[in-house]
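Contents: one structure, followed by commentary.
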Amino acid sequence: MGGARVSAEGTVGGVTISNVDKVWWPDEAITKGDIARYYHAISPLLLPWMRDRPLTAERCPDGMLGGCFYRKNFPEGNIPVGVPRLRLRAASTGKDVNYLVGGTLEALLGLVRVGCISVHIMNSRVRSMRDADWLAFDLDPSSGEFADTVRAGRVLSKILDEHRLVSYPKTSGSRGLHVFVPLRPGHSQDDVTAFAVRIGEELARREPELVTMEFSKSARGARVYADPFRNSYLQTIVAPYSVRRRPGATISTPLAWDEVTARLDPRRFTMRTLEKRVASGDPWSDFNKRAQKLPG
């Protein structure tokens, strides 16, 4: 994808990126510098999704074939320097976590600098951490077949339509499908999660051979897991336009519902193909204008 050049000193968008020539995708010859340049180019579309939200990053210092881990804690004074932090208490450990707060190019490229590939965001902002801006479903096919996810997504779309809720699909960048519902202010994460559970249960009742709400992987069989818990406090979901650690450097790509068909192949949305796609417009451009209230 086009965008800023990587300088001889390894600077992209004013941020110094170490080891810019380090190959992160050997099969495609994609380097760390290429990822930084992609994020710089896509930042006008990506940064609004990160703005004022605590971030979790998938850190893969050796790229596609190396080990990865999710990083939440970025202590003050550590790289990336100068990016705002928000200290929150983790219920599972009782320890404070210093989350990066997104919204700036420095934060985005600073994550690449420390070896991060994917950016994950919360559905709340720092000013109101218990209120949700959207409802999200994560449809994950246990079969590994994206076609199963498409079938489940189409039924979910119909159910949401019946509740007069406008929804927006995107690829997860892997084998799943994410479905977002933009919300007006005033929805607590608890209420949004409870509503998502009810919709997920309805989906599983209508398509019991296709969809499950079983949390246990062993109990899912080959069905699509409709995960409603991306909406809970401190939970995250991969941001639109984020790179994923998958062959080809696939992108979590916003879609229009008429694209979600049996012919859809999420592997065609990659770091190298997305420029042409976004040049023709953003199918989620009216997302915030369509914010709505959940039915009682």
Amide H proximity to V211 below 5 Å, modelled H, separation 5+ or other chain, gives V224
Estimated vicinal HN-Hα couplings, Hz - the range 176-192 in sequence order (Karplus 6.51, -1.76, 1.60; Gly, Pro = x): x, 10, 10, 10, 10, 10, x, 10, 6, x, x, 9, 6, 4, 4, 5, 5
Starting from the Cα of K32, draw a straight line to each of the aspartates and glutamates and keep only those under 13 Å, dropping any in the same chain fewer than 8 residues away. D21, D62
Please work through the chain and write down the cysteines that have no neighbouring cysteine Cβ at a distance under 4.7 Å. C116
Can you give the helix-only mean residue ellipticity at 222 nm for the chain, where every DSSP H stretch with n ≥ 4 adds -39500 (n - 2.57) and the sum goes over all residues, rounded to the nearest 500 deg cm²/dmol? -7500 deg cm²/dmol
Surface per residue (accessible, 1.4 Å probe) for the chain, Å²: 45
The ³J(HN,Hα) series, computed from each phi in the range 245-254 with the Karplus coefficients 6.51, -1.76 and 1.60 at θ = phi - 60°, rounded to the nearest Hz and given as x for glycine or proline, is 7, 9, x, x, 6, 5, 10, 6, 10, x
If amide H atoms are built 1.01 Å from N in the plane of the peptide, which residues on other chains or at least 5 residues away come under 5 Å of the amide H of I30? W24, W25
Between L183 and residues 5 or more places away or on another chain, which pairs have amide H atoms under 5 Å apart, with H built 1.01 Å from N, and which residues are they? W134, L135, Q292
Any idea what the relative contact order of the chain is, in percent, if you count C-alpha pairs under 8 Å spaced at least 6 apart? 19
With +1 on each Lys and Arg Cβ and -1 on each Asp and Glu Cβ, and nothing else charged, work out how big the dipole of the chain is about its Cα centre, in Debye to the nearest 20. 320
Protein accessible area in the chain, 1.4 Å probe - carbon and sulfur %: 48
If packing is taken as the average number of other Cβ atoms within 10 Å across a peptide's residues, how do 110-116, 275-281 rank, most packed first? 110-116, 275-281
Using the Karplus curve 6.51 cos²θ - 1.76 cosθ + 1.60 with θ = phi - 60°, what ³J(HN,Hα) values do you get for each residue of the range 255-264, in whole Hz, with x for Gly and Pro? 10, 9, 4, 6, 8, 7, 10, 4, 7, 5
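The values are calculated or read from the model by the stated rules, or taken from the named source; none is laboratory data. Since this is a predicted model, take the numbers as computed values, not measurements. Don't worry about glycine lacking a Cβ; one is built from the backbone with ideal geometry, like all the others, and counts go over all protein chains shown. Note: accessible area is taken over every heavy atom of the protein model, side chains too, but ligands, DNA and RNA are not part of it. Shrake-Rupley method; radii C 1.70, N 1.55, O 1.52, S 1.80 Å.
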